[in-house]
Amino acid sequence: MDVGIGLPNAVRGVDRRGTVEWARRAEAAGFSSLGTIDRIVFPSYESLIALAAAAAVTERIRLVTDILIAPLRANTALFAKQTATLDHLSEGRLVLGLAVGGREDDFEVSGVDFSKRGRIFDRQLDELGSLWGTDRVGPSARPTLLIGGSSEAAYRRAARYADGWTLGGGPPQTFAERYPKLRAAWDAAGRDGEPRTMALFYFALGDRAEEDARRDLLDYYGFVGEAAEQLVAGTAKDETAVKERLSAFEEAGVHEVICFPTSIDPEQVDLLARAVR
């Protein structure tokens with residue numbers, strides 16, 4: 001199982017050091033991927049721009065959106081060109097995780113109808129397939145594509161359009177429960193081979209682990225109310241917890257797990273690397 005690390009692009013206060021230096025350290029530490037989380041109504045860094053900065057200072061590490069809210073990119077041709085450019089600049093390292101999103105305020109500020117996001121996404125997936133790899137947007141062929149979400153529609157989209165599926169947040173047990181639905185959709189679509197799978201969890205290491213996890217997750221997920229406290233409680237806050245979580249995901253059959261930080265301090269990269277080793 002591959003182990004990646006998230007960029008702190010969605011941690012309040014993120015800066016150049018928490019992007020450029022973070023990316024360099026992550027590659028030097030041997031992580032498989034750098035991941036981003038997407039949201040509009042928050043003082044975060046936009047995912048594709050953050051990954052472009054990371055691409056410029058790295059050579060090997062994959063660049064993953066886990067996930068990007070596709071319906072907020074209403075100009076699909078522009079979106080296709082942006083992602084093709086990033087994939088080409090990084091020499092094929094982009095892994096594009098896409099989903100419909102679930103926060104109404106992101107859609108309101110973007111001028112996109114929240115109730116139509118599923119239909120918009122389906123249309124986008126059709127259009128993206130006809131744009132990538134053509135002279136209409138160039139210069140890259142389709143990047144590696146994963147679909148996120150837990151609905152039956154999400155599994156069908158993954159089987160029809162993508163290389164696999166990402167669980168997003170959730171424990172290993174949830175992955176084990178949902179994977180058969182993905183597999184059934186994959187087989188029903190007549191797809192060969194095995195779908196690529198991905199999952200994520202949050203970590204906070206060092207002397208400020210509890211403080212970092214609480215400050216970041218209650219801030220970012222405050223809109224879910226008391227459930228945010230459960231996210232704080234479920235954060236891996238020491239090396240043992242990191243190892244146990246990774247082991248459980250590997251046993252469940254996940255191909256790659258991305259560990260997302262709750263701090264912008266690049267020292268977290270080295271702390272996680274030691275925990276993983």
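Could you tell me whether LEU218 is under 30 Å from LYS237 (Cα atoms) and in a helix (DSSP H, G or I)?
Working: under 30 Å from LYS237 (Cα atoms): yes; in a helix (DSSP H, G or I): yes.
It is true that LEU218 is under 30 Å from LYS237 (Cα atoms) and in a helix (DSSP H, G or I).
Among (1) farther than 29 Å from ARG277 by Cα; (2) touching a residue at least 60 places away in the same chain (Cβ under 8 Å), which single condition is ASP38 missing?
Result: ASP38 fails condition (1) only.
Give ILE258, ILE264 a once-over and let me know the one that is touching a residue at least 60 places away in the same chain (Cβ under 8 Å) and under 14 Å from SER33 (Cβ atoms).
ILE258
Could you tell me which of the residues PHE31, PHE107 is in contact (Cβ under 8 Å) with a residue 40 or more places away in the chain and surrounded by 17 or more Cβ atoms within 10 Å (Cβ to Cβ)?
The unique qualifying residue is PHE31.
Can you name the number of the only condition in (1) assigned to a loop (DSSP other than H, G, I, E, B); (2) without any contact (Cβ under 8 Å) to a residue 24 or more places away in the chain; (3) polar (S, T, N, Q) that GLN230 fails?
Exception for GLN230: condition (1).
Considering each residue of region 222-277, count those that are among the charged types (D, E, K, R) and surrounded by 14 or more Cβ atoms within 10 Å (Cβ to Cβ), and give that number.
Looking only at that region, the number is 10.
Do the conditions hold for LEU218, that is, is it surrounded by fewer than 18 Cβ atoms within 10 Å (Cβ to Cβ), within 30 Å of ARG274 (Cα to Cα) and in contact with a helix residue (DSSP H, G or I) (Cβ under 6 Å, 6 or more places away or on another chain)?
yes
Bear in mind that the values in this text are calculations on the coordinates, not laboratory data. Nothing here was measured: the structure is a model prediction, and the numbers come from that model. Using ideal geometry, Cβ is built from the backbone for each residue, glycine included, and neighbour counts are taken over all protein chains shown.
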